[in-house]
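Since the structure comes first, as structure tokens, the remarks are kept for the end.
A short reminder: the numbers here are calculations on the coordinates, not readings from a lab. Everything numeric here is computed off the predicted structure, so don't read it as measured data. So basically every Cβ, Gly included, is an ideal-geometry build from the backbone, and we count neighbours across all protein chains shown.
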Amino acid sequence: MTTVAIVVRQGADEREIDAVTGESLMHALKGARISGIEAVCSGSMVCGTCHAYVTPGPSGELPPIGEGEAEMLDEAVDRRPESRLTCQIDVTPVLAGIIVEIPASQM
Amino acid sequence: MATAPDMTVPRGDHAPVFDFDIYADPRIGEDIQGDYAHVLADVPPVFWTPANGGHWIVTGFEEIVEVVTNPQDFSAREMQIPRVPDPPQFIPLSLDPPDNIPYRRILMPMFSPKAVRAMDDDLRRWANELLDEVTVGKNQCDFVDAVASRFSVTIFMRLMGMPVDRLREFREIADEHFNARTPEDFGRVVPRILGIVDELIALRRTQPGEDIISKLIAADFDETRKLTHEEVQRICFLLFLGGMDTVTNVSGFAFRNLAQDPELQRELAENPARIPQFVDESLRMFGVISTPRLVVREAERFGVTFRPGEMVLCVLALAGRDARRNPDPARFDLDRSDSAHLTFSSGPHLCLGHILARAELRVLTEEWLRRVPRFEIASDQSCRFRLGTVNALLSLPLIWEGGKGA
């Protein structure tokens, strides 16, 4: 089990949290009690409440957006090009240094 | 085919047993969620009740999450306690993943954050129309009959393209469904609901509109085909039951609590910006659904053995009152941070209307308190209620000052 450091931005606040490889980014955010990530469906990709803006870290990589995720994101409020469902991103070493911004509409 | 649960197996092994009748337990009164919490306070979060043919009851937050996110062991394909032959089938609720997913993809844009945001002005206009009628020059009403049911059910009926003048008739049929226990009961009520649904589908096939039924008829399933009549029918069956009785019930309990708390009324009337917290806290404390699952594979969990054919009932209202998740859970606290509930369930069958429900509760509370900042329960009357897998407050007589009398 290894951890990778990720940056979380909520409005003007910025903090760093450790995410454990193998869990989902959503679980890491929930585990760190980040408000605005409700994830009311517990990662079943049916609610869209774990939406966040995710910018790659130094690796420049993020897992690709799947078809179901893209459909859910079409229905998100304030969608941006960096929009992701954090339940669909598994934590791996390539995520080190990513920036996760919580949408204002979810805070 | 469904197999009957094997009641010759002694329950037990290590299962805690507690006799609890979800339909008529005499210890449960109109404060349904509070009474549930009180009666089950010393009972483990997973136990077996011999009542209603015998079934499991799950009340803990984490335990419920595990059940509703584990369709391999706990299937949604049957929802009746006790089990009945040929149980009613709902789409997508009765389908385990991945079969439910294409249907949710069709329905999701109609209930998404974006869709609900677009309804905001309509919700407020409808709330204003209704509340003017109920409150101007008046000083009392039955909140469930005059406000909660009419507001949320007419919103639903408008979305569905249903004739709003049949509201009471439709509500009564939904109530009959939630009171059904036996195959004979279901045999009477299900065809009536499907008949109404068929009528509406037939209408929209010839006169399409902007309503949900028209959208279902036009929808592409997995981009390969249209939905069959039966699929549209089974989706509308579920929406009918969901739309007739759920937000109504939560609003009833939320306002029953608000009516008994003058301090909370003052706080919200002075600071309407806190109403979203009131909605969240009300949802945490006043869930109304207990969601059943059928054990389809032997599973060792929580120190007990679930056997195929047994029913498991997750009491969603108690998840928000789990002290392991929400400290001091019986206290209504607007300042609660990091609170959690499962009032909309979780997992692949998370309530499709969860965003709409929150918006309805928020708008209704805002508009009500603008007109009636101070109110109470009429002391000479008690509230009627219904117990089961969908708990309901059937009446809530409210009185207030400032009107000219009814």
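Quick look at the numbers
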| quantity | calculated |
| --- | --- |
| Difference of contour (0.36 nm per residue) and Cα-Cα distance, B:A118 to B:F18 | 31.3 nm |
| Over chain A: helical MRE at 222 nm, DSSP H runs n ≥ 4 each giving -39500 (n - 2.57), nearest 500 | -3500 deg cm²/dmol |
| Peptide A:33-40 - average C-beta neighbours from other chains (10 Å radius) | 2 |
| The protein assembly as shown: C-alpha pair distances exceeding 28 Å, % | 56 percent |
| Exercise: per-residue mean of other protein chain Cβ atoms within 10 Å, A:45-51 | 6 |
| Computed helical MRE - 222 nm, chain B, DSSP H runs ≥ 4 contributing -39500 (n - 2.57), nearest 500 | -14000 deg cm²/dmol |
| Scattering profile of chain B at q = 0.14, 0.15 Å⁻¹ [log10 I(q)/I(0), Debye over alpha-carbon scatterers] | -1.34, -1.52 |
| Ranked B:L364, B:L238, B:L318, criterion: other C-beta atoms within 10 Å, fewest first | B:L238, B:L318, B:L364 |
| Per-pair calculated FRET efficiency, R0 = 30 Å: B:D185 and B:H38 via Cβ, rounded to 0.05 | 0.50 |
| Two-site FRET efficiency, B:S395 against B:D99, from Cβ-Cβ distance with R₀ of 60 Å, rounded to 0.05 | 0.90 |
| The stretch B:16-156: Rg to Rh, with Rh as the Kirkwood radius over Cα pairs | 1.06 |
| Normalised convex hull volume, the stretch B:196-285, alpha-carbon set, Å³ per residue | 150 Å³ |
| Proxy reagent accessibility, fewest Cβ within 10 Å first, across B:E78, B:E210 | B:E210, B:E78 |
| Interatomic Cα distance distribution for the stretch B:76-234, bins of 10 angstrom, percent | 9, 30, 36, 20, 5, 0 |
| Approximate spin-label separation B:R384-B:R158, in nm, with each point projected 7 Å along Cα-to-Cβ | 2.8 nm |
| Residues B:Q72 and B:N128, FRET efficiency given R0 of 45 Å [Cβ-Cβ distance, rounded to 0.05] | 0.40 |
| Additional length obtainable on full extension of the chain from B:R307 to B:E210, 0.36 nm per residue less Cα span | 30.3 nm |
| Label point distance in nm, B:E270-A:T2, each placed 7 Å from Cα along Cα→Cβ | 5.6 nm |
| Zone residues, the stretch B:69-97, relative to B:E230, backbone N less than 13 Å from point 7 Å out along Cα-to-Cβ | B:89-91 |
| Cα-projected label distance for A:A32 with A:E16, points at 7 Å along beta-carbon direction, nm | 1.0 nm |
| Cα-based convex hull, the stretch B:170-242, per residue volume (Å³, whole number) | 98 Å³ |
